[in-house]
Each structure stands twice: as structure tokens, then as C-alpha cells.
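Undergrad: My questions all concern the structure below.
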Amino acid sequence: MNNKLILWSITVGLGGFLFGLDTAVISGAELEIQKLWNLDSWTHGLAVAIALYGTVIGAAFGGIPADKYGRKNTLLWIGILFFLSSVGAAIASGVNMFMVFRFIGGLSIGASSVVAPVYISEIAPPKYRGRMVISFQANIVFGILIAYVSNYLLQGGADSWRWMLGVVAFPSLLFSVLMLFTPETPRWLLLYKGDEAKAREVLAITEENVSGAVDEIMVSAKQEASSSTDKLFRKILLPTPIGLFILFLQSGFGNQCGDLLCASHFRNDRFG
């Protein structure tokens, strides 16, 4: 594996790390913001879960800018949004401001879950593709782990929840900088921009038979164009609203129901 492939692997891995870190970091801050802003069950649940709503939207529409502006540019902006979200949530002066920035963070998580795997599949040579995919997936879990460790180390201090959320800004900034040094995918350059010369330049880094790789991309594109999307649409038509309903239950409504069940259980135990 050459040095450029190593850089791409690190960058892709960091994208997965951000995914996991930003998803789990809220766990250490949620009780503190509830006390700070005296939130009721509904608002508290919404503030915690709103990133999940952003994740759904980001995953649903993240492919649009990736197709129009490129995988690299989209991932660069995802990193910037991660940075803005973490800093904004950390300095939030009220719950509404907090939820706006957490929602932006959710958009980043959702979009990265779509764009990053596409980038990997299009930039990595076949013999290294599996390793890079594993790197991305493993770093999601590693990011979740580091979020819990970071929360543990930062707890107890003044405004510790702000530091917990603000920690995400550092790897976000690093990810954005590294994306500046990674190339656009040859598939996007060929099929969306029509820049075969640049596509060949990128392919030359990893492929011995550049012309063969170009032909393979064009053939696969024709096969995809001839296939119908109706079956795919029908498959996601039912799961999508079910997933949204589950997210709804995880937000304030779910918390309120939990409070009611606890209260009912307490009354039954106390009064028979």
C-alpha cells in the first residue's frame, strides 16, 4: 500500500470516528442540560433525540450534493458541519440554540453514513477496499468508545457538558483538513463531471491497467442505468415511516410514557 492510500485510509477512518463520537457524546451531557435549563420530559427528550431526526434527513438527502458537487467536497463540508455543530452546541445559551446545532450534527452523521461508504467504494482499489471499509466501520465503534471515555474524564468540572460536546471539534477540524489532500473519486469524475483525464490521473495511483479500470466503470454505470429503481423504492416505502416512528418514540413522547409508567408502578406499589 503506497503513502497516498495510507492517507486515504486514515481520512476515511477518521470519518467513521466522527460518526461514532458525535452520536454517543450526548450521553454525558443530557442530564446536565436538563438541570441547567430546567427541561420537562418532552423538551429533554427532544433535545437529546433531535440529532437522530437530523440523521434521518441527512441520510435521505446526503447523496444529492455528493452527486452534484462531488464526494470529496461533500465530505469536506460534512467535516465543517461537524465542527460547527460541536462548537455551537458547546457554547449554546439556551435549549433552542442547542437543538439547532445538534440537529446540524445529526445531518452530518446521516450524510456521512451515505457519502463515506460511496467514497470508499469508488476511491479504493479492489484489493484494499475491504480493509478501508473495515477501517470505517471499526472507527465508528472506536468513536463511540472514546466518547464514553472522554465523558468520564471530563465529568464533574464546571460546565463539563460543554467540553464533552466541544471535544468533537478537534477531530472534525482534522478530518476537514485531511479531505483537502484526498482526491475526488474517478467514478464521479467520469460519470458526473466528464473529466476522463483527471479520472485517469487518480486511477493511475492505484491501478496498473488504467484503461481497463475506466472501461469497468463505464460498463457498471450502463448496467445501473438499465436497472429499475421501482423495486428499491417499494422496499424502503414501509421501513422508512416505521423508522421515523421509532425515533419519535425515542424522543420526548417516549420519555413521557416512561415517566407515566414509573409513576403508575410507584402508585401500585405504595397503595396496593
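Undergrad: Answer yes or no: is there a residue in segment 77-96 that is among the aromatic types (Phe, Trp, Tyr), outside any loop (DSSP other than H, G, I, E, B) and either within 16 Å of ILE144 (Cα to Cα) or free of Cβ contacts under 8 Å to residues at least 24 places away in the same chain (or both).
TA: Yes, segment 77-96 has at least one match.
Undergrad: Just to be sure, is ASP40 crowded, with 16+ Cβ neighbours inside 10 Å and of a type in the set (Asp, Glu)? Quick ask: steps written out before the conclusion?
TA: Values: crowded, with 16+ Cβ neighbours inside 10 Å: no; of a type in the set (Asp, Glu): yes.
Taking the combined requirement at face value, the residue does not satisfy it.
Undergrad: Answer with yes or no whether GLY88 is crowded, with 19+ Cβ neighbours inside 10 Å, at pLDDT below 95 and closer than 18 Å to GLY28 by Cα.
TA: On the way: crowded, with 19+ Cβ neighbours inside 10 Å: yes; at pLDDT below 95: no; closer than 18 Å to GLY28 by Cα: yes.
Against the criterion (crowded, with 19+ Cβ neighbours inside 10 Å, at pLDDT below 95 and closer than 18 Å to GLY28 by Cα), GLY88 does not qualify.
Undergrad: Quick check, is TYR128 out of contact with any Lys or Arg (no Cβ under 8 Å at 6 or more places or on another chain), in a helix (DSSP H, G or I) and under 17 Å from THR206 (Cα atoms)?
TA: In short, yes.
Undergrad: Can you list residue pairs whose Cβ atoms sit under 9 Å apart, with the first residue in segment 214-237 being farther than 29 Å from LEU203 by Cα and part of a loop (DSSP other than H, G, I, E, B) and the second being modelled with pLDDT of 60 or more and polar (S, T, N, Q)? Count only pairs 6 or more apart in sequence or on different chains.
TA: none
Undergrad: Can you tell me which of (1) of a type outside the set (Val, Ile, Thr); (2) surrounded by fewer than 19 Cβ atoms within 10 Å (Cβ to Cβ); (3) in a helix (DSSP H, G or I) is the one GLY156 doesn't meet?
TA: (3)
Undergrad: May I ask you to list the residues in segment 192-213 that are outside any helix (DSSP H, G or I) and exposed (fewer than 14 other Cβ atoms within 10 Å of the Cβ)?
TA: Listed by number, the residues that qualify are GLY194, GLU208, ASN209.
Undergrad: What's the total number of residues in segment 181-212 that are among the polar types (S, T, N, Q) and closer than 20 Å to VAL12 by Cα? Before you say what the answer is, go through the steps one by one.
TA: Of the residues in segment 181-212, the ones among the polar types (S, T, N, Q) are 182, 185, 206, 209, 211.
Okay, now just the ones that are also closer than 20 Å to VAL12 by Cα, so 182, 185, 206.
Within segment 181-212, residues that are among the polar types (S, T, N, Q) and closer than 20 Å to VAL12 by Cα number 3.
Undergrad: Among what's in segment 55-65 and is in a helix (DSSP H, G or I) and small (Gly, Ala, Ser), pick the residue that is nearest to TRP37 (Cα to Cα).
TA: GLY58
Undergrad: Given the criterion under 21 Å from GLY45 (Cα atoms) and touching a helix residue (DSSP H, G or I) at 6+ places or on another chain (Cβ under 8 Å), identify the matching residue among PHE142, PHE103, PHE83, PHE175.
TA: PHE103
Undergrad: I'd like to check something: does segment 66-75 contain any residue that is without any contact (Cβ under 8 Å) to a residue 24 or more places away in the chain, assigned to a helix (DSSP H, G or I) and of a type in the set (Phe, Trp, Tyr)?
TA: Among the residues of segment 66-75, at least one is without any contact (Cβ under 8 Å) to a residue 24 or more places away in the chain, assigned to a helix (DSSP H, G or I) and of a type in the set (Phe, Trp, Tyr), which makes the answer yes.
Undergrad: So which residues in segment 1-47 are in contact (Cβ under 8 Å) with a residue 40 or more places away in the chain, within 22 Å of VAL118 (Cβ to Cβ) and of a type in the set (A, V, I, L, M), if there are any at all?
TA: If the condition is that a residue be in contact (Cβ under 8 Å) with a residue 40 or more places away in the chain, within 22 Å of VAL118 (Cβ to Cβ) and of a type in the set (A, V, I, L, M), then MET1, LEU5, LEU7, ILE10, VAL12, LEU14, LEU18, LEU21 are the ones that fit.
The values are calculated or read from the model by the stated rules, or taken from the named source; none is laboratory data. From a predicted model like this one, the values you see are computed outputs, not experimental measurements. Don't worry about glycine lacking a Cβ; one is built from the backbone with ideal geometry, like all the others, and counts go over all protein chains shown.
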